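**Q** Starting off with a structure, shown below.
The values are calculated or read from the model by the stated rules, or taken from the named source; none is laboratory data. The model shown is predicted, which means the values in this text are computed figures rather than measured ones. Cβ placement follows ideal geometry from the backbone for every residue including glycine, while neighbour counts extend to all protein chains displayed. Note: areas computed on protein heavy atoms with side chains; ligands, DNA, RNA excluded. Shrake-Rupley method; radii C 1.70, N 1.55, O 1.52, S 1.80 Å.
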Amino acid sequence: MTVRQLSLPELADACAASGVGAVGLWREPVREYGLDAAAKLVRDAGLRVTTLCRGGFLTAIDPEERARALADNRRAVDEAAVLGTDVLVLVSGGLPAGSKDLPGARERIADALAVLAPYAGERGVKLAVEPLHPMYAADRCVVSTLAQALDIAERFPAHQVGVAVDTYHVWWDEDAPAQIARAGAQDRIHTFQLADWTTPLPEGVLNGRGPLGDGAVDLREWRGHVEAAGYTGAVEVELFNDALWARDGREVLAETVRRFVDHAC
């Protein structure tokens with residue numbers, strides 16, 4: 001997503017040129033290119049797929065909407081398996097129209113995971129519940145903290161459900177380091193993502209993730225938290241940023257690698 005202006009073949013070439021050996025993929029460009037073709041492309045390029053994003057949106061009340069969401073998440077699990085990644089990131093969903101019941105929405109997520117977790121586990125895919133910053137609670141994700149994400153995840157085996165730790169979403173939470181330790185003790189940190197927090201946020205706020213080193217987040221400190229908790233997996237950089245998307249994607253990727261070394265290593 002950081003360089004979404006690149007096609008999948010261009011992305012594979014740019015990763016090779018920049019020394020990047022692993023990539024997190026999003027479902028939309030994979031579907032456009034073709035699932036099997038995308039899986040072959042990354043394999044042939046020597047790339048490892050770290051995660052597939054995204055499943056989720058599991059808070060609907062209407063039975064037909066819930067059934068459609070479950071079916072889509074099963075497809076996402078199958079896509080992850082074909083791509084060779086064992087992690088599907090879940091953005092859980094916001095409040096249904098007219099609802100103000102945050103606890104009820106979170107409980108419906110757990111109900112959906114009771115169906116999806118065994119399905120994913122049978123296919124060797126782990127579900128990573130990602131808490132999003134509270135500004136997204138109404139429309140995108142009612143899970144706002146790592147504590148909330150872990151309270152849901154702990155109802156299921158760790159090899160089926162864990163959490164995604166994204167600095168953009170948790171850096172403000174003084175309890176997050178303790179929750180990272182809690183997750184690590186149970187082997188539930190399924191992915192770790194970096195983005196910086198810069199202000200002012202853009203209108204709509206979705207595409208305001210700052211390039212590494214430009215904002216308020218001590219990225220090296222947060223990487224230390226997850227490593228101290230036992231996490232040894234890939235570190236992803238995930239930037240939704242209109243200004244970056246308007247630039248040459250290869251240049252953005254090379255710059256992101258340099259910034260990662262300067263600010264997160």
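**Q** Taking the stretch 236-254, which residues are more than 17 Å from TRP197 (Cβ to Cβ) and open to solvent by 40 Å² or more (accessible area, probe 1.4 Å)?
**A** Matches in the stretch 236-254: ALA246, ARG247, ASP248, ARG250, GLU251.
**Q** Taking LEU127 as meeting all but one of (1) open to solvent by less than 10 Å² (accessible area, probe 1.4 Å); (2) assigned to a helix (DSSP H, G or I), write down the number of the exception.
**A** Result: LEU127 fails condition (2) only.
**Q** Scanning the stretch 69-85 for residues that are more than 24 Å from ALA137 (Cβ to Cβ) and in contact with a strand residue (DSSP E or B) (Cβ under 8 Å, 6 or more places away or on another chain), which turns out surrounded by the fewest Cβ atoms within 10 Å (Cβ to Cβ)? Break it down into steps so the answer makes sense when it comes.
**A** Here is the first cut: in the stretch 69-85, the ones more than 24 Å from ALA137 (Cβ to Cβ) are 71, 74-75, 77-85.
Among the residues that remain, those that are also in contact with a strand residue (DSSP E or B) (Cβ under 8 Å, 6 or more places away or on another chain) are: 77, 79-80, 83-85.
Working: VAL77: 24, GLU79: 21, ALA80: 28, LEU83: 22, GLY84: 14, THR85: 26.
Among those that are more than 24 Å from ALA137 (Cβ to Cβ) and in contact with a strand residue (DSSP E or B) (Cβ under 8 Å, 6 or more places away or on another chain), it is GLY84.
**Q** Looking at (1) open to solvent by 40 Å² or more (accessible area, probe 1.4 Å); (2) out of contact with any Phe, Trp or Tyr (no Cβ under 7 Å at 6 or more places or on another chain); (3) in a helix (DSSP H, G or I); (4) farther than 25 Å from PRO211 by Cβ, which is the one condition that is false for LEU95?
**A** (3)
**Q** For residues that are within 20 Å of THR51 (Cα to Cα) and of a type in the set (Asp, Glu), scanning just the stretch 213-265, find the one that is farthest from the chain's Cα centre (by Cα).
**A** GLU227
**Q** Also: Going by what's in this entry, would LYS100 be described as open to solvent by 10 Å² or more (accessible area, probe 1.4 Å) and under 12 Å from GLY55 (Cα atoms)?
**A** Values: open to solvent by 10 Å² or more (accessible area, probe 1.4 Å): yes; under 12 Å from GLY55 (Cα atoms): no.
No.
**Q** Please find, among GLU236, GLU227, GLU251, the residue that is in a helix (DSSP H, G or I) and within 23 Å of ASP13 (Cα to Cα). Spell out the reasoning first.
**A** Values: GLU236 fails: in a helix (DSSP H, G or I); GLU227 fails: within 23 Å of ASP13 (Cα to Cα).
One residue alone meets the criteria, GLU251.
**Q** Right, another one. Go through (1) more than 16 Å from the chain's Cα centre (by Cα); (2) modelled with pLDDT under 95 and name the single condition ALA178 misses.
**A** (2)
**Q** Moving on to the next point. Identify all residues within the stretch 190-222 that are out of contact with any Cys (no Cβ under 8 Å at 6 or more places or on another chain), modelled with pLDDT of 95 or more and either among the charged types (D, E, K, R) or in a strand (DSSP E or B) (or both); write none if there are none.
**A** Of everything in the stretch 190-222, those that are out of contact with any Cys (no Cβ under 8 Å at 6 or more places or on another chain), modelled with pLDDT of 95 or more and either among the charged types (D, E, K, R) or in a strand (DSSP E or B) (or both) turn out to be HIS190, THR191, PHE192, GLN193, LEU194, ASP196, TRP197, ARG209, GLY210, ASP214, ASP218, GLU221.
**Q** If you check VAL89 against the conditions, is it open to solvent by less than 50 Å² (accessible area, probe 1.4 Å), outside any helix (DSSP H, G or I) and under 21 Å from GLN186 (Cα atoms)?
**A** Values: open to solvent by less than 50 Å² (accessible area, probe 1.4 Å): yes; outside any helix (DSSP H, G or I): yes; under 21 Å from GLN186 (Cα atoms): yes.
Criteria met by VAL89.
**Q** Continuing with the same structure: Can you list the helices (runs of 4 or more DSSP H) found entirely within the stretch 1-68 that contain at least 1 residues being loosely packed, with under 14 Cβ neighbours inside 10 Å and at pLDDT below 95?
**A** Values: elements: 8-18, 27-33, 35-44.
Output list reads 8-18.
**Q** Can you tell me which condition PHE156 does not meet? The list is (1) open to solvent by 20 Å² or more (accessible area, probe 1.4 Å); (2) of a type outside the set (Val, Ile, Thr); (3) not in a loop (DSSP other than H, G, I, E, B), and all the others hold.
**A** Here PHE156 clears every test but (3).
**Q** Let me ask something else about it. Could you list all residues from the stretch 175-219 that are open to solvent by 30 Å² or more (accessible area, probe 1.4 Å) and over 30 Å from GLY249 (Cα atoms)?
**A** Residues satisfying the conditions are ASP175, PRO177, ALA178, ALA181, ARG182, ALA185, GLN186, ASP187.
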